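Here is the structure we will look at.
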Amino acid sequence: MQTTLTDSIAIAAQFIRAGEVVAFPTETVYGLGANIFDESAIEKIFLAKGRPSDNPLIAHIGKRADLHLLAREITPMAETFMEHFFPGPLTLVLPKQANISRLATAGLDTIGIRMPRHPVAQSLLQTCGVPLVAPSANLSGKPSPTTWEAVQMDLAGRIACILRGEQAEVGLESTVVDCSRVTPLLLRAGAITLEQLQAVVPTIQIAQPSLSEPQRSPGLKYKHYAPQARVEMVVLPMTFVASDAAAFIGLHPPASNVKHCKLCQTIEEYAHSLFQFFRECDAMEIEVIYCEAVSEAGLGLALMDRIKRAAHG
Ligand code: AMP
Ligand code: MG
């Protein structure tokens with residue numbers, strides 16, 4: 001299949017209308033979108049990514065009115081979260097409408113819904129006129145793509161179109177909160193922080209991976225976010241014995257010499273750079289990537305979650 005690279009929202013929307021899948025920029029990472037009401041287009045997402053069919057997709061909406069097309073019930077706490085954080089990097093899990101394909105939700109009777117704030121994503125959604133289901137636009141098991149070049153590397157020849165944009169601002173996938181239950185549950189940490197969520201709904205709890213039913217948080221089931229290289233988390237100041245093929249990313253300079261090093265000024269820059277750094281290291285045939293541990297406060301919770309998954313995956 002030939003993959004069209006474009007900057008045109010109109011061209012990307014044409015592919016969606018024709019039942020194809022299109023990669024597009026969002027503020028979290030690049031997504032791979034399909035019309036939520038087109039079952040054969042949804043199948044193409046799973047095929048292109050090699051994604052296991054029991055891993056649900058997130059539905060993206062352009063306007064609040066579309067929520068009712070997807071969710072059977074909108075709980076009061078979901079309303080509260082939406083008031084504060086929509087549009088933005090927050091996904092809410094709600095009971096799904098009966099006509100939503102079970103392929104999209106991996107057989108669950110709930111659906112994850114997000115309203116991206118990225119202007120290109122918004123405009124694509126408005127132009128398509130339907131919600132799009134979109135997981136991250138990478139091959140299953142690879143780090144999520146934060147640039148269109150990363151999408152191209154994974155999916156060229158496997159998808160119809162890549163809508164080009166800037167490098168993703170946040171660089172980590174959305175925060176996921178299950179609002180289909182009495183007590184909301186944080187399923188995946190992201191740029192909307194636990195502290196921000198607690199400030200508006202203090203009862204929110206954190207899902208315990210080992211305790212939660214597997215189908216509630218399928219993201220936990222699979223190896224995610226991992227480069228080819230081995231990932232090790234390091235607490236500085238600590239001297240690690242770096243081989244010739246070692247790399248480092250973090251906030252403080254490491255004491256050892258490494259072949260490839262990325263120093264970040266802030267936690268935000270660290271999160272923004274992590275997946276791209278993983279991909280650069282793989283291209284350089286780095287064998288081990290040392291990632292500096294940070295405090296699990298604010299965005300640090302999401303960053304540490306991704307590093308730990310990459311290290312143990
Ligand atoms: P991604 O593939 O990174 O775009 O993220 C999709 C992830 O969102 C899944 O792996 C789940 O962790 C989460 N998710 C989506 N829909 C649901 C749902 N209905 N229930 C629970 N988690 C969901
Ligand atoms: Mg993904």
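What's the total number of residues in segment 239-258 that are surrounded by fewer than 17 Cβ atoms within 10 Å (Cβ to Cβ) and touching a residue at least 12 places away in the same chain (Cβ under 8 Å)?
The first filter runs over segment 239-258 and keeps only residues surrounded by fewer than 17 Cβ atoms within 10 Å (Cβ to Cβ), leaving 239-241, 243-245, 251-253, 255-257.
Those still in the list that are touching a residue at least 12 places away in the same chain (Cβ under 8 Å) too: 239-241, 243-245, 251-252, 255-257.
Residues meeting the conditions: 11.
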Residue that is nearest to ligand 1 (Cβ to nearest atom) [pool: residues in segment 119-144 that are of a type in the set (Gly, Ala, Ser) and in contact with a helix residue (DSSP H, G or I) (Cβ under 6 Å, 6 or more places away or on another chain)]: SER144
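Tell me whether segment 5-15 contains one or more residues that are of a type in the set (Gly, Ala, Ser) and at pLDDT below 95. Spell out how you get there, then give the answer.
Filtering segment 5-15 down to residues of a type in the set (Gly, Ala, Ser) leaves 8, 10, 12-13.
After this cut, where a residue has to be at pLDDT below 95 as well, the list is none.
Among the residues of segment 5-15, not one is of a type in the set (Gly, Ala, Ser) and at pLDDT below 95, which makes the answer no.
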message: Just checking, does segment 102-125 include any residue being β-branched (Val, Ile, Thr), within 15 Å of ligand 2 (Cβ to nearest atom) and within 13 Å of the chain's Cα centre (by Cα)?
response: no
query: Hey, among the residues in segment 170-209 that are closer than 25 Å to LYS96 by Cβ and part of a helix (DSSP H, G or I), which one's nearest to ligand 1 (Cβ to nearest atom)?
result: LEU197
task: Please identify the pairs in which a residue from segment 51-69 that is β-branched (Val, Ile, Thr) and more than 10 Å from ligand 1 (Cβ to nearest atom) has its Cβ atom under 9 Å from the Cβ atom of a residue that is in a helix (DSSP H, G or I) and open to solvent by 60 Å² or more (accessible area, probe 1.4 Å), counting only partners at least 6 apart or on another chain.
output: ILE61/LEU69
query: Would you call GLU195 within 30 Å of PRO95 (Cα to Cα), modelled with pLDDT of 95 or more, more than 17 Å from the chain's Cα centre (by Cα) and open to solvent by 70 Å² or more (accessible area, probe 1.4 Å)?
result: yes
Positions within segment 275-300 being farther than 12 Å from LEU251 by Cβ, of a type in the set (A, V, I, L, M, F, W, C) and in contact with a strand residue (DSSP E or B) (Cβ under 9 Å, 6 or more places away or on another chain), in sequence order: PHE277, PHE278, CYS281, MET284, ILE286, VAL288, ILE289
task: Name the residue, out of GLU166, GLU149, GLU173, that is buried (at least 22 other Cβ atoms within 10 Å of the Cβ) and among the acidic types (Asp, Glu).
output: GLU173
- prompt: (1) more than 16 Å from ligand 2 (Cβ to nearest atom); (2) polar (S, T, N, Q); (3) modelled with pLDDT of 95 or more: which one isn't true of THR91, the others all being true?
  reply: (1)
LEU108 hydrophobic (A, V, I, L, M, F, W, C) and within 9 Å of ligand 1 (Cβ to nearest atom): yes
Selection from segment 31-45 of residues that are more than 10 Å from ligand 1 (Cβ to nearest atom) and either part of a loop (DSSP other than H, G, I, E, B) or not aliphatic (A, V, I, L, M) (or both): GLY33, ASN35, ILE36, PHE37, ASP38, GLU39, SER40, GLU43, LYS44
message: Condition first: open to solvent by less than 40 Å² (accessible area, probe 1.4 Å) and part of a loop (DSSP other than H, G, I, E, B). Now tell me which residues in segment 1-25 satisfy that.
response: THR3, SER8, GLY19, VAL21, PRO25
query: What about ALA48, is it farther than 30 Å from THR203 by Cβ, touching a Ser or Thr at 6+ places or on another chain (Cβ under 6 Å), open to solvent by less than 20 Å² (accessible area, probe 1.4 Å) and assigned to a helix (DSSP H, G or I)?
result: no
- line: Just one listed residue, out of ALA242, ALA271, ALA226, ALA310, is within 16 Å of ligand 2 (Cβ to nearest atom) and at pLDDT below 90, and it is ALA226
- prompt: How many of the residues in segment 283-308 are surrounded by fewer than 17 Cβ atoms within 10 Å (Cβ to Cβ) and assigned to a helix (DSSP H, G or I)?
  reply: 2
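The values are calculated or read from the model by the stated rules, or taken from the named source; none is laboratory data. Note that the structure is a prediction, hence the values are computed from the model and not measured. Virtual Cβ from ideal backbone geometry, glycine too; neighbours counted across all protein chains shown. SASA here: full protein model, heavy atoms, side chains in, ligands and nucleic acids out. Shrake-Rupley method; radii C 1.70, N 1.55, O 1.52, S 1.80 Å.
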